[in-house]
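Engineer: Have a look at this one.
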Amino acid sequence: MRSSPRLTRVGLTGGIAAGKSAVAELWRQRGAVVIDSDRLAHEALAPGTPTHAAVVKEFGKGILNADGSINRATLGEIVFRNQERRQVLNGLVHPVVRQKRREQFAALEQADTVAVAVIPLLYEVGEEKEFDCVVTVACSEATQLARLGAHGLSESQARARIAAQWPAAKKMDRADHVIWNDGSRRVLAEQADTIWNIIKERHHAARQT
C-alpha cells in the first residue's frame, strides 16, 4: 500500500530471537527511519495510560512492579501459558500500537525516506498489506532456544514463546525478502546490506514514476 510517492514503507518481521532488532539497527545506520513496535507497546503500557489501566483491570495488580509499571515477565508467564489470555492482551495492546505506528507513518508522508516498522506479529495480525514490501528474519528453532536461554528463559518458557508465533517457514513463504540469521553477525550484515540496497533502488525508482 503506497500512500505517498516519497515514502517507502517496509515491514520487518520474524520469529522471536531471530534478529529483527539487529537488522533494524543496521538499516537505521544506513539511513532508515525505524519504528519499533516493542517500544510503542512500552509507551502504550506506561502507568497512567488507558491501556495500562485496562490491562491491570483484566490481569490484576499482581502483574505490577512496586513503581506501578507492568512487570512484563510476570505478565508473560500468564499469557504464554494460555492462548485465550494472550488473545485478550493482544486485543488490548495491538490496536493502540497500530494507531501509534500509523501516526508515525503519517508524520513521514512527505519525507523522501524509507521507514521500517519492526512488527513481530505482522502476519498474525494481518498487517502485511500496509507495506510496500515485507522482510522476514528467520533462524532455526535450535538457535532461537539457545538465544532465549542466554536471556534467562527456561526451555519450556522459550518453547511457549516460539509456539505463540507463526512457524518461521510460513513467514518466509509470505515475505518479499528473507534474511536467514543462523550464522555470524558478519553474514547477517551482508544479507541485510544486500536487501537494503534492493529496497533503496526501488525507492529511488518509485520517485521517478
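Engineer: Under unit Cβ charges (Lys, Arg +1; Asp, Glu -1), what dipole magnitude, rounded to 20 debye, does the range 7-207 have relative to its Cα centre?
Structural biologist: Numbers: 27 positive and 24 negative charges, 43 e Å.
Magnitude of the dipole: close to 200 debye.
Engineer: Contour minus end-to-end for ALA106 and ARG185, with contour as 0.36 nm per residue of separation and end-to-end as the Cα-Cα distance?
Structural biologist: Working: separation 79, 0.36 × 79 = 28.44 nm, distance 3.32 nm.
Result: 25.1 nm gained on full extension.
Engineer: State the extension gain, in nm to one decimal, for the chain segment bounded by VAL88 and THR49, taking 0.36 nm per residue of separation less the distance between their alpha-carbons. Could the numbers behind the result be given before it?
Structural biologist: Working: separation 39, 0.36 × 39 = 14.04 nm, distance 1.76 nm.
Computed gain between VAL88 and THR49 is 12.3 nm.
Engineer: Then there is this: If you take every DSSP beta bridge fully contained in the chain, what fraction is antiparallel? Give it as a percent rounded to 5.
Structural biologist: Numbers: 1 of 20 bridges.
If we restrict to bridges inside the chain, about 5 percent are antiparallel.
Engineer: Can you work out the FRET efficiency for the pair ARG98 and SER154, with r the C-beta to C-beta distance and R0 = 30 Å, to the nearest 0.05?
Structural biologist: Details: r = 31 Å, r/R0 = 1.05.
The computed FRET efficiency comes out at 0.45.
Engineer: So what does log10 I(q)/I(0) come out to for the range 7-207 at q = 0.10, 0.13, 0.17 Å⁻¹, using the Debye formula with one equal point on every Cα and no solvent?
Structural biologist: -0.45, -0.75, -1.22
Engineer: Let me ask something else. Which one, GLN144, TRP166, VAL118, is farthest towards the positive end of the dipole of the range 99-181 when Lys and Arg carry +1 and Asp and Glu -1 on their Cβ?
Structural biologist: GLN144
Engineer: Please report the relative contact order for the chain, taking Cα pairs under 8 Å with a sequence separation of at least 6, and give it as a percent rounded to a whole number. Don't jump to the answer; show the numbers that get you there.
Structural biologist: Numbers: 278 pairs, mean separation 78.6, N = 209.
In percent, rounded to a whole number, it is 38.
Engineer: Can you give the extra length, in nm with one decimal, that the chain gains between HIS42 and THR74 once fully stretched, where that is 0.36 nm per residue apart less the Cα-Cα distance?
Structural biologist: Values: separation 32, 0.36 × 32 = 11.52 nm, distance 1.49 nm.
The span from HIS42 to THR74 would gain 10.0 nm if fully extended.
Taken together, the values in this text are just the output of simple stated rules run on the coordinates, not laboratory data. Please read these numbers as outputs of a predicted model, since none were measured by experiment. All Cβ positions, even for glycine, are placed from backbone atoms using ideal geometry, and neighbour counts span all protein chains on display.
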